[in-house]
1. Give the accessible surface of the range A:1-254 per residue, rounded to a whole number of Å², with probe radius 1.4 Å and ligands, DNA and RNA excluded.
2. Please average, across the residues of B:79-85, the number of beta carbons from any other chain that are within 10 Å of each residue's own beta carbon, and give a whole number.
3. Okay, which of the range A:331-375 sit inside 18 Å, backbone N to the point 7 Å along the Cα-Cβ direction of A:Gln452?
4. Sequence-distant or interchain residues sharing an amide H contact under 5 Å with B:Gly32, placed H: which?
5. With all protein chains present, calculate the accessible area of A:Met451 using a 1.4 Å probe and round the result to the nearest 10 Å².
6. Stokes-Einstein at 25 °C, 0.890 mPa s, Kirkwood radius from Cα pairs: D for the range A:1-254 in µm² s⁻¹?
7. Can you bin every Cα-Cα distance in the range A:75-116 into 10 Å intervals starting at zero and give me the percent of pairs per bin, rounded to whole numbers?
8. Given q = 0.07, 0.08, 0.09 Å⁻¹, what are the Debye log10 I(q)/I(0) values for chain A, with equal point scatterers placed on the Cα positions and solvent ignored?
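The values are calculated or read from the model by the stated rules, or taken from the named source; none is laboratory data. Note that this is a predicted model, so its numbers are computed, not measured. Note that each Cβ is placed from the backbone with ideal geometry, even for glycine, and that neighbours are counted across all protein chains shown. Ligands, DNA and RNA are stripped out before the accessible areas are found, and what is left, the full protein with its side chains, is counted by its heavy atoms. Shrake-Rupley method; radii C 1.70, N 1.55, O 1.52, S 1.80 Å.
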Amino acid sequence: MLLLQELLIATALSLARMFSAYIISLLLAISVGSWMARSRAVESLLLPVLDVLQSIPILGFFPAALLLLARLLPGGLGLELAAVFLIVTSLVWNMIFGVYTSLKALDPSVYDMAEVYRLGPAARFFFIYVPACRESIIANSLVSWAGGWFFLTSAEVLSLGEEEYRLRGIGSLILDSFSREDLAGFYSGVAVLLAAILATYLLLWNPASVTVLRLPLPGVPAVFEVVKSAVGYAWGGLAQVLTSLEVKLGVVFRLPRPIKAALLLLAAAAVAYSARGLSLEPLREAAPVLSSFPLELAKSLPRVGLVLLLSLGLSVVIAYFAHLSRGVSMAVSMAGEVLASIPAVVWWPLLSNLALSHPLGPSIVMLIVYLQGAFWYVYFNLIVYGLASVRKDLDELATVYRVRGLPYLRYVFVPSLLPSLATGLLSAWGGSWNASIVAEYVDMGGRTFDMQGVGSLISKAAAQGNVAALLATSLALSLFIVLVNKTLWVRLFRFIERRYGGE
Amino acid sequence: MPKVLTISNLRKTFIEDKRVLEVLAGISLEVGEEFISILGPSGCGKTTLLRIIAGLEKADSGEVVFHTPDKRVGFVFQSPTLLPWLTVLENVALPLRASGVRRDEAYEKARKYLSLVGLRAFEDFYPRELSGGMKQRVNIARALAVEPTLLLMDEPFSQLDPLTAESLRSEVLDLWLYGVTTVRAVIMVTHNVDEAILMSDRIVVLSPRPAKVNGIIEVNLPRPRDRRSPEFQKLEDRIYELISA
């Protein structure tokens with residue numbers, strides 16, 4: 001009974017964290033994305049920054065950020081904020097890009113129309129920007145929501161050397177039960193977590209996708225309808241109030257320059273204040289760790305390559321069957337949503353029997369965790385964007401001339417998917433490096449699995465509380481990823497765009 | 001005739017790939033209560049002129065002065081520019097709501113102008129459910145619903161099929177001639193000589209870029225105008241001469 005109560009409270013807390021992080025991400029995505037689409041200066045500044053942020057291993061930087069926030073805001077609040085912040089970092093990037101690209105694709109004469117009829121910032125926001133990116137917000141939410149759960153446990157349990165932070169929630173409950181060898185607690189925790197994830201998809205995201213994107217997904221629309229009409233009502237009211245306020249007061253939604261500058265200064269001062277304890281004096285400690293970086297990178301790189309290949313092959317095959325049958329599509333998507341959401345850290349304890357029973361066990365579990373952080377990006381990109389771009393006339397052409405099986409895959413199906421496949425692979429590439437941090441090293445209840453590699457290097461630095469080494473390795477890894485993005489991926493994208501984009 | 005607008009000595013240059021493109025080389029024009037067409041070859045800067053009058057772009061020098069107390073402007077875009085997520089009614093009411101008019105009042109006004117363009121029955125439709133001509137009618141209703149003094153039209157019939165364009169021309173002309181709207185002056189940009197003679201009181205012929213006023217032609221033909229009348233033909237010849245001058 002006590003367990004049930006604890007389970008429910010923990011789940012409610014975790015859900016609250018997820019929803020707050022989602023709402024923050026949504027607001028961030030809409031404001032930053034529309035700002036980027038509107039202003040050349042902001043666009044040229046933020047586009048490369050976001051490009052980097054999207055693909056670097058956020059998990060590596062997180063302990064430092066958490067320490068900053070925890071020192072800045074004493075008590076539970078700093079920790080709560082830090083946890084929500086981590087979840088936001090796993091939700092927000094693709095949402096920002098989604099908003100940005102859909103506003104960029106908007107007919108420029110719409111902006112003229114807004115100018116001629118003097119639509120103020122509030123009117124533009126409510127009547128143009130938000131409705132214009134509705135579809136991409138829903139599509140990206142579907143993927144982001146899973147990504148958020150995947151990092152939930154990392155946000156609820158975090159240790160940096162001797163300092164360990166623990167927040168009450170379903171993620172920390174699962175890990176605690178496991179390390180106390182409380183199997184009943186562990187399995188019921190996992191079951192409740194799965195149920196919560198399943199419920200959010202069935203009640204909210206799937207009906208939303210069915211309504212907005214017309215994707216074939218199973219769901220129970222009743223709850224969504226209620227949420228939708230409530231949100232719609234509140235939204236309409238807010239639009240009404242803010243647009244008329246805007247007209248009465250003139251344009252007030254712009255902060256005057258001095259206030260902006262003061263806010264920036266304040267933020268800088270706060271960061272400096274909280275960072276005072278984090279002196280980078282032990283840089284010497286970072287040097288030996290950093291010197292082993294190239295070797296460890298060489299160990300992780302083939303793993304990432306293998307994971308990307310597996311993700312590619314698996315998702316094309318599954319997408320093919322999903323394309324052929326609506327039933328398969330629904331079943332696989334649902335399974336994907338839940339599997340993709342299972343927190344990274346839970347996989348190791350969940351598969352601990354496998355990990356301990358066979359000499360190859362740890363490698364297999366590592367691969368599974370790796371795949372978790374990469375595969376779904378490719379898969380969801382194919383399901384949400386790719387399948388929609390397989391043109392009906394090409395499909396009909398294939399039917400008329402009886403192009404089936406391998407030739408169909410080779411000449412019609414895969415080429416149609418290539419643009420979204422490339423986008424998915426790029427995200428998966430960043431995602432798998434992030435996943436390497438939880439895949440290559442795990443410490444559970446005294447047993448540690450150390451698979452070597454760059455992710456393990458970062459995890460160990462965090463476990464030893466070596467902040468300098470942690471930041472240095474994370475930075476080095478980010479640099480490597482960005483370098484590959486700017487050389488290899490950019491070329492691949494250009495090639496695909498030229499060869500397979502459009503007519 | 002009371003003056004509505006004075007345009008004096010507008011100049012505009014664009015810089016494109018480090019090349020300086022002079023677009024308007026000093027345009028002046030008095031606009032009374034009349035229908036004016038601005039006629040010129042493609043790319044001569046007609047649309048830039050219209051955009052400066054509408055406040056969408058700033059001139060390098062020169063000014064646009066309204067003589068009426070009410071400076072509201074309606075703009076009929078070349079393509080309908082309707083928001084696909086709003087219904088016909090919501091699209092027409094949007095500029096009103098953005099200027100602080102209460103919702104029901106905005107809708108009531110929008111309905112009035114939708115009736116004028118004959119689309120009252122389609123107010124709950126979405127733009128994708130309408131034909132090209134109907135969308136352009138919504139565009140016109142939206143411009144009229146802000147109850148403007150000046151109506152600007154940027155090649156409003158150029159993207160329609162010939163039959164639809166012809167019937168929409170006479171509808172717009174009827175609205176203008178019967179004085180059922182608040183519009184006191186119309187400036188229409190076009191490259192269609194025939195359309196300009198058919199509709200306007202005066203035709204301003206611009207030169208190729210950089211645009212100057214090549215000549216202003218008064219059209220004193222009685223309405224409704226007959227394209228096959230010798231006077232019409234004579235005017236047409238004169239205008240073609242002016243354009244190539």
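1. Working: 11100 Å² over 254 residues.
With all protein chains present, the range A:1-254 gives 44 Å² per residue.
2. Numbers: counts 2, 2, 9, 3, 9, 4, 7.
Other-chain Cβ atoms within 10 Å of each residue's Cβ, averaged: 5.
3. Those under the cut-off are A:359-367.
4. B:Val4
5. Roll a 1.4 Å probe over it and A:Met451 shows about 30 Å².
6. Working: Rh = 20.3 Å.
Answer from the Stokes-Einstein relation: 121 µm²/s.
7. Final binned percentages: 24, 26, 22, 18, 10, 1.
8. Debye curve over Cα of chain A, log10 I(q)/I(0) at q = 0.07, 0.08, 0.09 Å⁻¹: -0.41, -0.54, -0.68.
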